[in-house]
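The values are calculated or read from the model by the stated rules, or taken from the named source; none is laboratory data. Being a predicted model, the structure only gives us computed values, none of them experimental. Don't worry about glycine lacking a Cβ; one is built from the backbone with ideal geometry, like all the others, and counts go over all protein chains shown.
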Amino acid sequence: MKYLLSIIISCYNEEKNIFLIYEEIDKISKKLKDLKIDIEIIFVDDGSIDKSLDLIKKLALEDERVHYISFSRNFGKEATILAGLKYAKGDYVTMMDADLQDPPEMLLKMFDVILNEDYDIVGLQALNHKDYGIIRRFFTFCFYKIIGHLSSVPMTPNERDYRLMKKKVVEALLTLTEYNRYSKGLFNFVGFKTKWLKYELPKRKNGKTKWSIKKLFSYGINAIVGFTTKPLVLASLVGFIFCFIAFLAIIFIIIKTLIWKDPVSGWPSLACIIVFCSGIQLFFLGVIGEYISKIYLETKQRPIYIINETDEDEENYL
Ligand code: UDP
Ligand code: MG
């Protein structure tokens with residue numbers, strides 16, 4: 001029996017990498033054929049403004065295994081993953097970055113697990129983040145620690161989006177239609193038996209990262225807001241602790257006034273306490289605001305992406 005593997009590739013201004021990744025996949029496809037696995041390659045162009053789309057279309061003309069979806073503007077990587085999953089027809093599906101940081105040859109190891117062991121998903125965990133600067137590495141480290149502790153769904157440190165999944169996993173993922181998407185969390189949310197493989201994250205082949213610190217920060221906030229409501233519980237807890245401290249302070253001040261008759265001294269410390277408490281209140285107002293803004297975006301029910309061009313029947317994929 002023959003199987004089909006759908007390979008989803010997210011591309012945003014990756015003109016220097018398109019042919020390279022295609023060639024790498026083509027090499028692997030010969031080895032996959034021995035395992036009776038055919039491939040389809042789905043390039044999802046996230047509104048690139050360089051020649052990426054032209055190059056993808058050229059490949060699609062030359063090789064019938066290549067397909068493409070092109071967005072009307074940049075909607076972000078999470079949207080490309082969703083579009084690719086909707087489009088994928090394979091019995092197995094994988095998604096990878098176009099910059100070769102998710103090496104196609106890992107697919108052979110992943111298939112070795114999924115075909116011979118009883119797993120539905122094979123995920124990859126990066127052993128290092130050498131390609132990224134110290135600030136990003138620090139924030140990434142903090143992010144995985146925070147999300148790991150707060151999330152009600154188990155999260156794996158340094159997990160990549162790159163993973164191999166059976167069709168039933170994809171079907172489950174497609175039932176999650178939320179607007180604010182954190183794909184790694186969604187993959188973990190649907191569950192299924194997962195095996196993690198570790199690998200050295202190679203450097204980006206060409207071009208620069210598309211993630212600014214600002215973009216990464218909002219990605220992190222999105223993930224936390226999407227997968228835990230614990231910050232809201234923390235607001236109540238901090239409020240309770242402060243009320244308790246205030247209560248003790250009031251008792252202390254009453255006793256002090258009655259014994260030493262010194263009711264007015266200590267205003268500088270009072271000013272500090274007021275500023276501190278206002279800061280805490282504003283901080284948690286901001287936390288609540290984050291949740292409300294996400295509810296606002298969800299209720300609008302805007303499409304997660306808009307397709308400008310594709311070589312498939314568009315109606316099915318909007
Ligand atoms: N990407 C995308 N849309 C975006 C940003 C990135 O489709 O808005 C793609 C990008 O082309 C690449 C992958 O997502 O294939 C990962 O992006 P990048 O390498 O910049 O991220 P990093 O490796 O720095 O986390
Ligand atoms: Mg990259």
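All of (1) surrounded by 12 or more Cβ atoms within 10 Å (Cβ to Cβ); (2) in contact with a strand residue (DSSP E or B) (Cβ under 7 Å, 6 or more places away or on another chain) hold for ALA235 with one exception: (2). Just so you know, in the range 27-49 the residues that are over 16 Å from ILE81 (Cα atoms) and surrounded by 15 or more Cβ atoms within 10 Å (Cβ to Cβ) include one that is farthest from ligand 1 (Cβ to nearest atom), and it is ILE37.
Restricting attention to the range 72-88, the residues being more than 20 Å from TRP211 (Cα to Cα) and in contact with a Lys or Arg (Cβ under 9 Å, 6 or more places away or on another chain) number 1. Would you call SER6 part of a strand (DSSP E or B), touching a residue at least 24 places away in the same chain (Cβ under 8 Å) and either within 14 Å of ILE307 (Cβ to Cβ) or of a type outside the set (Val, Ile, Thr) (or both)? Judged against the criteria, SER6 is a match.
Condition check: under 17 Å from TYR219 (Cβ atoms) and either more than 9 Å from ligand 1 (Cβ to nearest atom) or in contact with an Asp or Glu (Cβ under 8 Å, 6 or more places away or on another chain) (or both). Does LEU82 satisfy that? For LEU82, the condition - under 17 Å from TYR219 (Cβ atoms) and either more than 9 Å from ligand 1 (Cβ to nearest atom) or in contact with an Asp or Glu (Cβ under 8 Å, 6 or more places away or on another chain) (or both) - is met.
What about SER52, is it farther than 23 Å from LYS168 by Cα and surrounded by 21 or more Cβ atoms within 10 Å (Cβ to Cβ)?
Here the answer is yes, as SER52 does meet what is asked.
Looking only at residues in the range 95-109 that are within 16 Å of ligand 2 (Cβ to nearest atom) and touching a Phe, Trp or Tyr at 6+ places or on another chain (Cβ under 9 Å), which one is farthest from GLN125 (Cα to Cα)? If we take residues in the range 95-109 being within 16 Å of ligand 2 (Cβ to nearest atom) and touching a Phe, Trp or Tyr at 6+ places or on another chain (Cβ under 9 Å), then ALA98 is farthest from GLN125 (Cα to Cα). Exactly one residue out of PHE252, PHE247, PHE283, PHE227 is touching a Ser or Thr at 6+ places or on another chain (Cβ under 6 Å) and hydrophobic (A, V, I, L, M, F, W, C): that is PHE227. Here SER152 fulfils each of the conditions (1) within 16 Å of ligand 1 (Cβ to nearest atom); (2) over 30 Å from GLU15 (Cβ atoms) apart from (1). Beta carbons closer than 9 Å, at least 6 apart along the sequence or on distinct chains, pair a first residue in the range 201-215 that is more than 27 Å from MET106 (Cα to Cα) with a second that is near ligand 1 (Cβ under 10 Å from one of its atoms) and at pLDDT 80 or above for ILE213/ARG136; LYS215/GLY76.
Here MET106 meets each of (1) under 26 Å from SER29 (Cα atoms); (2) in contact with a helix residue (DSSP H, G or I) (Cβ under 6 Å, 6 or more places away or on another chain) with one exception, condition (2).
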